[in-house]
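Some notes on the structure that comes next.
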Amino acid sequence: MIKKLLLRIFLSVLSIFVFWYLESGLMIKNGDELIKSIIFGATLFIATLAQYRKYLFLFSFFLLGFMITFYLFWQMTWADRLGSLGFGILVITTSSYILRLLKNGFVEKL
Amino acid sequence: MQKILKTQFFTTLIFPFIALILTFSWFREGFIYGGGDVGLQTYNPQRIFEISKYIWWEATAPGVAVPQALIALPFNFAFSILQSAGFTPLMLQATFFFLILSSMGVGMYILLQFIYKDLPKKYAIFGGLFYLFNPYMMIQVWHRFVHSTFFLVAALPFLVIFWLKWVRGGKLFWLLIFLITNLLALYAFGTIAYIATLWLLLALISLPEVIFPSQQFRITKKIIFRFLLGFLFWVLTNVWWLLPLFNISPGLLSQQHTNEETITSLINISRQAILPYSLQMINPFYLFYQQDFGAGYLNIVIRLIPWLFVSIVFVGFIRAIKTKDLSQWPFIYLIVVLLSKAASSPFGFVYIFGMEHFFSLGVFRNPFEKIGVLLPLINTVLFVIGLYFLGEFLSKKWNKKISLFLISVTVLTIISFCWPMFAGKIFGKIEKAEYVKVPPAYLEVDNWIKSDLKNDKEIGKILHLPLTRGEAITYNWGYGYSGLESSALFFTSLPSISHGFNIQRIDDTLTAFYLSFNKLDDDKILRFLQDFNVKYIVLHKDVKWQDSDVFDPAQTEEVLNKLRFLKLSFKAGDLVIYKISADYQRPRLYLSDDIKLVYPPSSASLWPWKLSEKEILLTPQDEQVLSNVNIQNKISRSQIATKEVLIFPKSQFIYNESSSSALLNVINNLLQNPQMVNTWLSPLIETNNILRQNGEIEAENLNNRIIASTKKLLKITQSLISSKEINKEELKNYKKGIYEIFSSNLSQSRLLLYIGRNSVSTIFQLHLALLNVLSQTFTAENYLKENAVFLHQKLIENNLISKNWNTQNQFSQTQEVKVFNFEVVDDGSYEIFLTLPDEKNIDQEKIKKIKIIIDSKENKLGILRDDQLIQLGSDYFSKGDHQIIVTEYYKDLINEDIFLRKNNPNNLSDETGNKILEMNRISPVLYTGKLHITKPTFLIFSEAYNKGWQLNVFNKDKNFIFEQLLANLYANAYFIHQTGDFDFKLEFIPQRFVNYGSWIALISYLSLIIYVIRRGKK
């Protein structure tokens, strides 16, 4: 159990660098990219725990909802920040269902 | 079954009906639409069909290879039939739009029923409507007016259905139908990137067939085999246009874009494709920044509408994951959104990495356009799944009628966002539609030329003045026109020289040609007209010349009216036709041995023309000069008298050469006050903000590297002075930094557009001076010397300092110098000339102060030769690279050229009996005829230079393929060094790819058809 947990933590930390590379090629421009990468790493960690996945979905939709609010008031920098964060979490969470999809072809319960 | 079919048929009629209403709304004023980078695609399909049958476009003179136009053949063929049947341009365009709109709706309706078996018909109709009316279709498809996109969006639903049927069932019939649909929609691949877009989608829909859920190996193998077989047949049936396209286009693309430009475009486009926009499928540039559809779209309520559909799409997203056979769509959606939003967050760096390292990915520099075209299809699928779920939910909660009512209102609200589509305000700006009404004078002039040619069979070209060297033009027509220059469509009997090609050599030559009409000089103008095989000149007084690269047509008219060899032949509207008297016309193919050699091939400027009278300007290509037997020697040996050899600089640049004392002063200051470094580098540091703002990511990186390397070198120096020991690791890092700076092609970098060559040069002169001083002080440290030598070499290669640069330079104070690099192809004595501007008073005293340094040797000035040139002296130049540096330049001459000239005194050619006995133009890509050659000569072919043009000269005994040179800085010349009577064949060889490819495609189609028929009978 602890071994599994440690492995998950290790992979999530490693993934931060992968996400950071995908965000900005491991460069820091305004700090956003590093914060996002850490959140994505944390998302990956949580997404490996089946019982919390649906909360990730909710969280990503919540962020996308905020994106709309900021967009409507022309706060594009914040809209983009929240939107990209929400969408990134959505991508990671959805991808975590791949094993189940490979097995059944669909997901019975999120 | 029949009943079902009937019902289905009548249901799908909804979409043609809507298409009909839209078409009537769009064309209610009775005008066609045109302009932009599309021009007038449906104005004259017969003419386009005639032109695009061949990949060499003779009609857009002086000719250009346009292999990608082959894909428009099926469309133009079909529409040319309608044109023959009496369809006007308006009827053609309306029919075209009607067909596209109908296919979109019907295709999506059928696709939705195909992939979602239980879907009620009304939801499939809602889906079809949403596919027709969504922000992407309104802005990116119709408003952008890109015809290739019209075809793709109309064909995609059908292509997906037929492909899935083939992959799932393995029946070749469906593959055949898929290929035929692809043929009908071939125009879509006019945007090359759409080939990848289509196959990306096909891969994305095929993969889940294998993995969701994972299938047995046997089934997986089958599906992979079908995918590959399908791809193979697609390639085989399209090889007739793929082969010439990929043979010619990479060369063309590299002439038009660099990696750095591509990345800058990508970054800027990515800012408009951030998720808040791309999720709604909106392009803010047209909708918000330019407000093409009015300021109403800035209203918060209107901006809320698209989020309605986005929310429903996300409901569909969750429903689809939980539904068997639909679970692939959310994944396809995520991938397509991630790819369409370009380099914006999240995970956008992949694009920048790809484009930095793979030039060909440049075709995707606008991913929202190139991959985003898949967004409407994927969004529609999820939208309908979500809508159906909501409908069912509402039915259970209330009742079916209320549910249907609410769903219908929602769909109508979403559709209402695209109201400009219904109102016919989709093309152009809301206040001004892009209507086009071509003045009747164009037809009159075309008919007059046609009738005139009945009595005069000699082929020639039509020159259109004013001559733009861009690809677009603006006319003062009734409704205006601003877009692709389309004279080749209006004037159908002869090729038109009417615009540039974005190919520098040709555009520069056309500029020289056009500028000759600026001044009344009969001989020069005639020379150009003859060299370009011009027969008629059409003066367009309707061109809106202000704010463009052309000058007032009235001014040109004055010149034209005075030329002795021109006759004003016809007038109609704002058009005036001049005809060149028959005695002065020169044929497209002719022989000449009256030549001047001009180097290098890239030296297209006005000067070679100014310096010659009637001689043919011949330019050997690089490989001919570099080969063991220099072509110039071959020409000399064949007793062709070359009158002159003109060598223009292969590159030139201006920079401030700092004096040693100035450099040492700066170094001392910086070492004493290290905090001054930022002040000294402030022009670069401050530029970073601008670079970031403009998306110049590569230039910004380069700028940062230059700043960092400068700081590093100063730090190394400080530690060296204080500790008397060199930190080799730091010096290694410095060299690595310098290597990185110069490996990114600094001399061509866009950074120089922002901070100027001079600033970069000054910084690196300081580096060099510092390294030289240190290496002289710490003589035991070879590292320092190595670094100095390395940097010195790189600065010379990148045109940042002259070869003559050294720390002990001869200048007592910093001064501006101009450096010319020459490549001399043959040893000999050359005169050196400086050109003079046309209309400036040159101060003789100031000219006398000019100094020149030839390969480190200072020379004295010569005398003023005439009003055009100053002879600076003469010198012996050996074969190879040479550098001439001009100092103490007279400012008025800063843009002038220096060139070398070798005069041949015995330059009179004997009269020869060389003749073209017969010449037949079989097609735009094939000329045949007979030659009588008594003495080596050149055959000049006045079409744009292209290596694809091959001259084959033969008789019963022998067959020769002669060397090809650049003639008159744009055309083809062939060095015929065999004597005798010959037949000749001049052919554009790449056209053969089309012919061979057509056979392969035909055989592939036929074999599939035969197989399907035989299988059907069994």
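Give the order of B:Phe899, B:Phe212, A:Phe17 when sorted by the count of other beta carbons within 10 angstrom, beginning with the fewest.
Listed from fewest to most nearby Cβ atoms, that is A:Phe17, B:Phe212, B:Phe899.
Can you tell me the orientation of helix B:660-672 relative to chain B, as the angle in degrees between its alpha-carbon axis and the longest Cα principal axis, to the nearest 10?
The answer is roughly 50 degrees.
Given chain B reduced to its alpha-carbon atoms as identical point scatterers, what log10 I(q)/I(0) does the Debye formula return at q = 0.07, 0.08 Å⁻¹?
-0.79, -1.00
Using Cα pairs under 8 angstrom and six or more residues apart, how large is the relative contact order of chain A, in percent?
With pairs under 8 Å counted, the relative contact order is 22 percent.
Are there any helices in chain A, counted as whole DSSP H runs, that stretch 30 Å or more along their axis by Cα and score at least 0.5 on average by Kyte-Doolittle, and if so which?
A:2-24
Between B:Asn399 and B:Asn758, how many nm apart are label points set 7 Å from Cα along the C-beta direction?
8.4 nm
Rounded to the nearest 500, what is chain B's calculated 222 nm mean residue ellipticity when only DSSP H runs of at least 4 contribute -39500 (n - 2.57) each, over all residues?
It comes out at -16000 deg cm²/dmol, rounded to the nearest 500.
Taking K and R as +1 and D and E as -1, what net charge do the other residues with C-beta under 15 Å from the C-beta of B:Glu615 add up to?
Charge balance near B:Glu615 sits at +3.
Can you tell me the 0 to 90 degree angle between the C-alpha axis of helix B:375-397 and the longest principal axis of chain B, rounded to 10?
It works out to around 30 degrees.
Once you put a point 7 Å from the Cα of B:Asn665 and another 7 Å from the Cα of B:Phe246, both along the Cβ direction, what distance in nm separates them?
With each label placed 7 Å out from Cα toward Cβ, I get 6.1 nm.
What is region B:493-635 by shape, rounded, prolate or oblate, if you read a ≥ b ≥ c off the alpha carbon gyration tensor as root eigenvalues and call it rounded for a/c under 1.5, prolate for a/b larger than b/c, and oblate otherwise?
prolate
Can you give the three extents of the C-alpha atoms in region B:78-136 along their principal axes, from longest to shortest, in whole Å?
Ordered largest first, region B:78-136 gives principal extents of 46, 23, 16 Å.
Using modelled amide H (1.01 Å from N, peptide plane; none on Pro or chain starts), what sits under 5 Å from the amide H of A:Thr48, excluding residues fewer than 5 places away?
Amide H to amide H, under 5 Å and 5 or more residues apart or across chains, A:Thr48 pairs with nothing.
With θ set to phi - 60°, apply the Karplus curve 6.51 cos²θ - 1.76 cosθ + 1.60 along region B:202-211 and write out the HN-Hα couplings as whole Hz, x wherever there is a Gly or Pro.
Values per residue, Gly and Pro as x: 4, 5, 5, 8, 7, 4, x, 4, 9, 9 Hz.
For region B:260-322, rounded, prolate or oblate, judged on the Cα gyration tensor with a ≥ b ≥ c (square roots of eigenvalues), a/c < 1.5 rounded, else prolate if a/b > b/c?
Oblate, since a/c reaches 1.5 and b/c is not below a/b.
Could you state the angle between the C-alpha long axis of helix B:172-184 and the longest principal axis of the C-alpha atoms of chain B, as a value from 0 to 90 degrees rounded to the nearest 10?
50 degrees
With the alpha-carbon atoms as the only input, what is the per residue convex hull volume for region B:945-998 in Å³?
So the per-residue hull volume is 86 Å³.
For region B:397-533, count all C-alpha to C-alpha pairs, find those more than 25 Å apart, and express that count as a whole percent of the total.
For region B:397-533, the share of Cα pairs beyond 25 Å comes to 53 percent.
If I stretch the segment between B:Asn895 and B:Asn733 completely, what's the gain in nm (0.36 nm per residue apart, minus their alpha carbon distance), one decimal?
Gain on stretching B:Asn895 to B:Asn733: 54.4 nm.
Using Cβ counts within 10 Å as a stand-in for footprinting exposure, how do B:Phe126, A:Phe62 rank, fewest first?
A:Phe62, B:Phe126
Decide, for the protein assembly as shown, between rounded, prolate and oblate: order the square roots of the alpha carbon gyration tensor eigenvalues as a ≥ b ≥ c, take rounded if a/c falls under 1.5, and otherwise choose prolate if a/b is larger than b/c, else oblate.
It is oblate, given that a/c is not under 1.5 and a/b is not larger than b/c.
Treat the count of other C-beta atoms within 10 Å as a stand-in for reagent exposure and order B:Asp855, B:Asp957 from fewest to most.
Starting with the residue having the fewest Cβ neighbours, the order is B:Asp957, B:Asp855.
Could you list, in their original order, any pairs among B:Lys122/B:Lys401; B:Lys457/B:Lys519; A:Lys3/A:Lys36; B:Lys165/B:Lys400; B:Lys610/B:Lys643; B:Lys541/B:Lys579 whose Cα atoms are separated by more than 22 Å?
The answer is B:Lys457/B:Lys519; A:Lys3/A:Lys36; B:Lys165/B:Lys400.
Since every read-out is calculated from the coordinates, none of them should be taken as a lab result. All figures in this text were calculated on a predicted structure; none of them were measured in a lab. Because the Cβ atoms are built from the backbone with ideal geometry, glycine has one as well, and the counts that use them run over all protein chains shown.
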